[in-house]
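Below is one structure; the comments refer to it alone.
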Amino acid sequence: MRPRLGGAAYSVERDGLTVDNGQHVFLRCCEAYRGLLQRIGSEGRVRLQSRLEIPLLRPGSPPSVLRRNGLPAPLHLAGALLRFQALTLPQRLRAASAMRALSKLDPADPEVDGIAMGRWLEAHGQSEEAVRRLWDLLVLPTVNVHASEASLALSAFVFQKGLLESPDAGDIGFHAVPLSETIGEPALRALRRAGVEVRLRWRAAAIVENGVPGDIEGSAAGRLEVRGSAGGSEEAVRAHAVILALPHLRAAALLPEAASELRRGIESIGVSPIVNLHVLYDRRVLYQPFAAGIDTPVQYLFDRTVAGGAPTGTQYLAVSLSGADEEMSMSPGQLRERYEPELARLLPKARDAKIERFELTREHAATFRAVPGVGKLRPGPVTPVPGLLLAGAWTDTGWPATMEGAVLSGNAAAEEVLRAHG
């Protein structure tokens, strides 16, 4: 029933401040997503680093930077790892050895998918401190569970694709304007220019096989029927092909009886939450466009002052908390009680600043739960029902739940439709 496109990547306005539901970033290696931005005319609405650089904030320590050099992969990260002051020198050397071993794993191997990243890291000499300070820094925001419980296959894929295969693959891209202006609204305009009928505020209730085979050239009727409603009125749409692109539990509920086994597999996939804190200070307190926190519950924070339309003289920071199972159960007051002093510990300027607004957005089922064994549960685009295809970041794209995976899944489903109809 949403009035917009964009799926889980959208913006809302709250008392004059434009707030993204999550701080979605992408990498240079996300070619499918970057291609989509180009097709809908949004390449000018994003910014891509010329070289990977992650500012690091740690209570009681001066700011530092995790930055790649200009050497070929994997040497492009050697200097960054050796200068990573949050770990001792022996810990850094063991981490380098673990990364070399990680680069040799096959993420498509079902045995690798059945292993927890934490167990593998422990077997490769990584202490709890190293996991918390280094590995979670990269696994948690990309896989949306802590490294200790993450699928080794998906974690290995992230490191291989984003950091180890190509020196520039991990350069980070940001959305310079709100997500709805970058994705949903341009996509709607592009679809309408292409002659596509777009129905917003329309809720699908069921997909049934209506037994009218027809062919795409000679019949207006299709063999599938999508039943739903809009504005209180029930409707049914017939089609030769349906691409079901909804969150996995919602998609499973719409599958016809002929796909009951597939439904049970999809329903076995768990969910992971994300919580975002939106903090408006009365002055500037962060002097980097974004930063990662170490030894603090503050995971990543982003300066969204300009994108969010914050009042002149203020600074709007968005704090992204991945794998936020505990935070989902906390009230806004409890979250503020925990995170306001933590932000002051990281940002000296925040200690004397006044917080004008402290708000939050929550996504209970932000992503599928990327734990061991999830790979065998993720389906491809084809279902047992002829003409019914699946799409979504939760399907088997090889990627964790990212915008890149979402676009790849849509491309794969569309290719299957085109192949079926010549």
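Rule-based calculations on the coordinates, nothing more; no lab input. As the structure is a prediction and not an experimental result, all values here were calculated from the model. Don't worry about glycine lacking a Cβ; one is built from the backbone with ideal geometry, like all the others, and counts go over all protein chains shown.
Among the trypsin sites (Lys or Arg not before Pro) in the range 332-390, which ones are in a DSSP loop with at most 16 other Cβ atoms within 10 Å of the Cβ? Mind listing them? In loop regions of the range 332-390 (DSSP not H, G, I, E or B), the sparsely surrounded trypsin sites (Lys or Arg not before Pro) are K354.
Taken about its Cα centre, the range 271-368 carries a charge dipole of about 360 debye when Lys and Arg each add +1 at the Cβ and Asp and Glu each add -1 at the Cβ. Bridgeable lysines around K161 (alpha carbons under 17 Å apart, same-chain partners fewer than 8 residues away excluded): K104. Charging the Cβ of each Asp and Glu at -1 and of each Lys and Arg at +1, and nothing else, the dipole of the chain about its Cα centre rounds to 980 debye. Helix 403-420 against the longest principal axis of the chain: what's the angle in degrees, Cα atoms only, rounded to the nearest 10? Long axis of 403-420 versus the principal axis of the chain: about 20 degrees. Here K354 is the anchor, and the aspartates and glutamates within straight C-alpha reach of less than 18 Å, apart from those fewer than 8 places off in the same chain, are D282, D303, E337, E340, E342. Between Q38, G60, S233, the Cα set farthest toward the positive side of the dipole of the chain (charges on each charged residue's Cβ, about the Cα centre) is that of G60.
When only the Cβ of Lys, Arg, Asp and Glu is charged (+1, +1, -1, -1), the dipole of the range 165-209 relative to its Cα centre reaches about 520 debye.
Helix 332-346 and the long axis of the chain differ in direction by around 40°, with both axes built from C-alpha atoms. Full extension of the chain between I355 and A123 gives 79.1 nm of extra length, using 0.36 nm per residue less the Cα-Cα distance.
Under the criterion of Cα pairs below 8 Å and six or more residues apart, the relative contact order for the range 271-368 equals 48 percent. What residue among P178, H146, V158 has its Cα farthest toward the positive end of the dipole of the range 137-266, where the charges are +1 on Lys, Arg and -1 on Asp, Glu, each on the Cβ? Going by the Cα projections, it comes out as P178. How much FRET efficiency would the formula 1/(1 + (r/R0)^6) give for E197 and A176, where r is the Cβ-Cβ distance and R0 is 30 Å, rounded to 0.05? So the FRET efficiency works out to roughly 0.45. In terms of packing, defined here as the mean over residues of other Cβ atoms within 10 angstrom, the peptides 182-189, 150-157, 197-204 line up highest first as 150-157, 182-189, 197-204. Any idea which of L360, M328, G313 is furthest toward the positive side of the dipole for the range 271-368, if Lys and Arg beta-carbons carry +1 and Asp and Glu beta-carbons -1? The residue sitting farthest along the positive end of the dipole is G313. Extension gain, E111 to L81: 0.36 nm times the residue separation minus the Cα-Cα distance gives 7.9 nm. Out of every Cα-Cα pair in the range 271-368, what percent are more than 18 Å apart? The share of Cα pairs beyond 18 Å in the range 271-368 comes to 42 percent. Each helix, a run of at least 4 DSSP H residues, gives -39500 (n - 2.57); summed and divided by the residues of the chain, these come to -8000 deg cm²/dmol at 222 nm.
Helix 89-102 and the longest principal axis of the Cα set of the chain meet at an angle near 20°. Length available on full extension from D325 to T88: 0.36 nm per residue minus the Cα-Cα distance, which gives 82.3 nm. Between V65 and T296, the modelled label-to-label distance comes to 1.9 nm, taking each label 7 Å out from Cα in the direction of the beta carbon. Among 235-242, 328-335, sorting by the average number of other beta carbon atoms lying within 10 angstrom of each residue, highest first, gives 235-242, 328-335.
If you look at the Cα atoms of the range 78-134, you get an Rg and a Dmax of 12.1, 36 Å. Taking a Cβ cut-off of under 12 Å around W202, the surrounding Lys, Arg, Asp and Glu residues balance to a net charge of +2, with basic ones at +1 and acidic ones at -1.
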